[in-house]
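Throughout, read-outs are computed from the coordinates displayed, never taken from laboratory work. These numbers were taken from a predicted model, which means no experiment stands behind them. Methodologically, a virtual Cβ is constructed for each residue, glycine included, from the backbone with ideal geometry; neighbour enumeration extends over all protein chains shown.
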Amino acid sequence: MRQQITDGLVRRRWDVQRAVDLFPEGAKDSILFEYAAKNSRVFVTSDEAIQGTGESWLRLGRSFAGLIFWPQKHLRRMSDGDIIGKIEKLAEKDNPFAYPIIHIKPGE
């Protein structure tokens with residue numbers, strides 16, 4: 001996730017942890033996802049491999065707080081403000097993670 005998105009969420013008083021601040025560079029996706037799940041944190045990413053990890057967990061019946069994902073192809077069409085706005089709009093919903101994998105896209 002771009003630093004500007006992280007900074008914008010922190011300025012809006014979101015509790016944000018970055019993988020690069022917690023784990024060595026190159027840490028495996030499975031370790032990052034396991035940490036987020038164990039600590040009831042929503043994983044926010046544009047990394048398609050993490051989406052696959054989330055889908056695999058669901059197939060195995062493993063639970064996690066949530067995964068917010070946007071494909072790289074959309075990242076180029078969305079500003080940092082667009083992404084922050086979509087995350088904030090999602091947080092306003094009563095049960096945003098009824099299905100724990102959320103895709104955000106431009107124009108939605």
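Brief remarks follow.
- Scanning residues 5 or more positions from residue 102 or on other chains, those with amide H under 5 Å from its amide H are 67, 68, 69, with H placed 1.01 Å from N in the peptide plane.
- The base-10 log of I(q)/I(0) for the range 61-108, evaluated at q = 0.13 Å⁻¹, reads -0.31 [Debye formula, identical scatterers on Cα atoms, solvent excluded].
- Cα coordinate range in the range 5-45, projected on the principal axes (Å, largest first): 29, 21, 15
- Kirkwood-type hydrodynamic radius, the chain: 14.4 Å, calculated from all non-identical alpha-carbon pairs.
- Exposure proxy order (Cβ contacts within 10 Å, fewest to most) of 58, 22, 9: 22, 58, 9
- Listed by chain and number, the aspartates and glutamates whose alpha-carbon sits under 18 Å from that of residue 38, ignoring those within fewer than 8 places in the same chain, are 15, 21, 29, 55.
- For the chain, adding -39500 (n - 2.57) for each run of n ≥ 4 DSSP H residues and dividing by the number of residues yields -13000 deg cm²/dmol at 222 nm.
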